[in-house]
Amino acid sequence: MQPLIFDTMNGVFGANQKEYQPLPAEVRGKKSTGEVLTCWEFSPEELKIVQETGRIWLSVLTYGHPLQPLFLSTTKPEVYDPE
(Lines give C-alpha, C1' and ligand atoms only; values in the text may rest on other atoms or scores of the structure.)
Protein backbone atom coordinates (compact mmCIF):
# COMPACT_ATOMS: atom_id res chain seq x y z
CA MET A 1 0.00 0.00 0.00
CA GLN A 2 1.08 3.53 -0.67
CA PRO A 3 0.07 6.64 1.28
CA LEU A 4 -1.65 9.21 -0.93
CA ILE A 5 -1.58 12.97 -1.11
CA PHE A 6 -5.18 14.19 -0.66
CA ASP A 7 -7.01 17.51 -0.85
CA THR A 8 -7.42 18.21 2.88
CA MET A 9 -3.95 17.11 4.04
CA ASN A 10 -2.15 19.74 6.05
CA GLY A 11 1.18 18.12 6.85
CA VAL A 12 3.62 15.32 6.14
CA PHE A 13 5.03 13.10 8.85
CA GLY A 14 8.63 11.99 8.29
CA ALA A 15 9.28 14.63 5.66
CA ASN A 16 13.01 15.00 4.88
CA GLN A 17 13.86 11.97 7.02
CA LYS A 18 15.51 9.42 4.75
CA GLU A 19 14.82 6.53 7.15
CA TYR A 20 11.05 7.08 6.82
CA GLN A 21 8.59 7.09 3.96
CA PRO A 22 6.84 10.50 3.97
CA LEU A 23 3.29 10.16 5.28
CA PRO A 24 0.82 12.80 4.01
CA ALA A 25 -1.75 13.49 6.72
CA GLU A 26 -4.52 15.72 7.92
CA VAL A 27 -4.28 16.63 11.59
CA ARG A 28 -7.79 17.52 12.67
CA GLY A 29 -10.20 17.63 15.56
CA LYS A 30 -9.55 19.06 18.97
CA LYS A 31 -6.03 18.87 20.37
CA SER A 32 -7.34 16.60 23.12
CA THR A 33 -8.29 13.91 20.57
CA GLY A 34 -5.30 14.47 18.30
CA GLU A 35 -6.89 12.81 15.27
CA VAL A 36 -4.57 12.16 12.34
CA LEU A 37 -6.13 11.05 9.05
CA THR A 38 -4.17 9.33 6.27
CA CYS A 39 -5.27 7.84 2.95
CA TRP A 40 -3.80 4.68 1.40
CA GLU A 41 -4.09 3.00 -1.97
CA PHE A 42 -3.73 -0.71 -2.73
CA SER A 43 -1.54 -1.86 -5.60
CA PRO A 44 -3.38 -4.07 -8.12
CA GLU A 45 -1.74 -7.13 -6.55
CA GLU A 46 -2.76 -6.10 -3.03
CA LEU A 47 -6.30 -5.34 -4.17
CA LYS A 48 -6.56 -8.83 -5.65
CA ILE A 49 -5.47 -10.36 -2.32
CA VAL A 50 -8.01 -8.25 -0.40
CA GLN A 51 -10.75 -9.22 -2.83
CA GLU A 52 -9.86 -12.90 -2.39
CA THR A 53 -9.42 -12.91 1.40
CA GLY A 54 -11.51 -9.94 2.57
CA ARG A 55 -8.71 -9.12 5.02
CA ILE A 56 -6.05 -6.57 5.77
CA TRP A 57 -3.55 -6.58 8.60
CA LEU A 58 -2.50 -3.62 10.77
CA SER A 59 0.82 -3.49 12.61
CA VAL A 60 1.46 -0.68 15.11
CA LEU A 61 4.73 -0.05 16.95
CA THR A 62 3.82 1.10 20.46
CA TYR A 63 7.33 1.04 21.91
CA GLY A 64 5.82 -0.33 25.13
CA HIS A 65 3.24 2.44 25.49
CA PRO A 66 -0.54 1.85 25.57
CA LEU A 67 -2.16 1.24 22.20
CA GLN A 68 -4.10 4.24 20.95
CA PRO A 69 -7.58 3.83 19.45
CA LEU A 70 -7.48 2.98 15.74
CA PHE A 71 -10.14 3.17 13.07
CA LEU A 72 -10.05 1.75 9.53
CA SER A 73 -12.61 2.79 6.95
CA THR A 74 -13.34 2.58 3.24
CA THR A 75 -14.64 6.16 3.22
CA LYS A 76 -13.25 9.38 4.67
CA PRO A 77 -14.46 9.26 8.27
CA GLU A 78 -15.99 12.10 10.17
CA VAL A 79 -14.12 13.52 13.15
CA TYR A 80 -14.75 11.36 16.20
CA ASP A 81 -14.98 13.67 19.20
CA PRO A 82 -15.98 12.06 22.49
CA GLU A 83 -15.97 15.45 24.27
Discussion item. Condition first: without any contact (Cβ under 8 Å) to a residue 40 or more places away in the chain and closer than 18 Å to Leu72 by Cβ. Now tell me which residues in the range 29-44 satisfy that.
Written reply: Gly34, Val36, Thr38, Cys39, Trp40
Practice prompt. Output the residues belonging to the range 7-22 that are surrounded by 11 or more Cβ atoms within 10 Å (Cβ to Cβ) and under 20 Å from Thr75 (Cβ atoms).
Written response: Met9
Item to complete: Tell me, yes or no, whether the range 9-28 has at least one residue that is assigned to a loop (DSSP other than H, G, I, E, B), in contact (Cβ under 8 Å) with a residue 24 or more places away in the chain and over 13 Å from the mean Cα position of the chain (by Cα).
Response: no
Discussion item. Yes or no: the range 41-50 includes at least one residue that is modelled with pLDDT of 95 or more, exposed (fewer than 10 other Cβ atoms within 10 Å of the Cβ) and assigned to a helix (DSSP H, G or I).
Written reply: yes
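The values are calculated or read from the model by the stated rules, or taken from the named source; none is laboratory data. Here the structure is a predicted model, which means the values were calculated and not measured. FYI the Cβ positions are ideal-geometry reconstructions off the backbone, even for glycines, and counts take in every protein chain you see.
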